[in-house]
Amino acid sequence: MSQEARKLPYGDGRDALLAAVLDVVAEKGLRGATYRSVAAKAGVNHALVTHHFGSMEGLLAATMEWSVQRSIEETGLSGIADFDGTFADTLIATVSAEPELQLFQFEMILESRRNPRIREMVERLYANYVSTVEEALTRRGLDTRNEASLAVFAALDGLMLQFLTISDPHRIRSAVIQVGRLISALETANETTEKPAKNQPQDS
């Protein structure tokens, strides 16, 4: 084991491997994530992958959960119901600062078409994101039936993919704010539905 690896406390070695997966996948794609490439990026002995995670699949699963939680916290996704310029700026700034978080997740999504085990991880990824959006919309009193939460998340997910590939911050920011306007329209529609018609006969 290298001198650098011996100096790393238990928690640091684990976290270093998680962060290294993001970097390796962003640089080389998912197929480039091997025991040795990840360990080399983390500056630890490759045996620590097995020690902490059991296998590369275990490491990928842990990295997926870790990256999703970080994305939710750092983008302020739980405050999605309050769409405004500040939310859009925070979202774009976060993705710009750490594109590896989203790139890793997109790579896993593509790989899930070929690998049933990774598909299970991706299903959990989407469930986590959509439930976060649904909780935020529910707190605002919006009707989340008919997959409204899924539709909102899908819009943001697609916009971030465009941002990471085509990259047009001004247009993406405007589009994120437009999604907020659509949510406001949904809120107005809910209020209209809840109000009784003026000429509706009252129950006796």
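The values are calculated or read from the model by the stated rules, or taken from the named source; none is laboratory data. As the structure is a computational prediction, the values presented were derived from the model and not from experiment. Cβ placement follows ideal geometry from the backbone for every residue including glycine, while neighbour counts extend to all protein chains displayed.
Are any of the residues in region 81-90 among the aromatic types (Phe, Trp, Tyr) and within 11 Å of the chain's Cα centre (by Cα)?
So in region 81-90, the residues among the aromatic types (Phe, Trp, Tyr) come out as 83, 87.
Filter once more, so that each one left must be within 11 Å of the chain's Cα centre (by Cα): none.
No; the residues of region 81-90 include none that is among the aromatic types (Phe, Trp, Tyr) and within 11 Å of the chain's Cα centre (by Cα).
When region 152-171 is filtered for residues that are more than 17 Å from GLU98 (Cα to Cα) and aliphatic (A, V, I, L, M), the ones remaining, listed by number, are VAL152, ALA154, ALA155. Looking at GLY43, GLY76, can you tell me which residue is out of contact with any strand residue (DSSP E or B) (no Cβ under 9 Å at 6 or more places or on another chain) and in the same structural domain as GLU100 (by TED's automatic domain parsing)? Within the list GLY43, GLY76, the selection yields GLY76.
Among residues belonging to region 67-82 that are of a type outside the set (S, T, N, Q) and buried (at least 18 other Cβ atoms within 10 Å of the Cβ), point out the one that is farthest from ALA97 (Cα to Cα). I'd like the intermediate steps shown before the answer.
Of region 67-82, the ones of a type outside the set (S, T, N, Q) are 68, 70, 72-74, 76-77, 79-82.
In the following step, the residues that additionally are buried (at least 18 other Cβ atoms within 10 Å of the Cβ) were identified as 68, 77, 80-81.
Values: VAL68: 15, LEU77: 16, ILE80: 19, ALA81: 23 Å.
Out of the qualifying residues, it is ALA81.
Would you confirm whether any residue within region 128-138 is within 20 Å of THR63 (Cα to Cα) and of a type in the set (Gly, Ala, Ser)?
Within region 128-138, one or more residues are within 20 Å of THR63 (Cα to Cα) and of a type in the set (Gly, Ala, Ser).
For region 152-175, give me each residue that is among the β-branched types (Val, Ile, Thr) and either buried (at least 17 other Cβ atoms within 10 Å of the Cβ) or not in a helix (DSSP H, G or I) (or both).
So in region 152-175, the residues among the β-branched types (Val, Ile, Thr) come out as 152, 165-166, 172.
Answer for region 152-175, where residues must be among the β-branched types (Val, Ile, Thr) and either buried (at least 17 other Cβ atoms within 10 Å of the Cβ) or not in a helix (DSSP H, G or I) (or both): VAL152, ILE166, ILE172.
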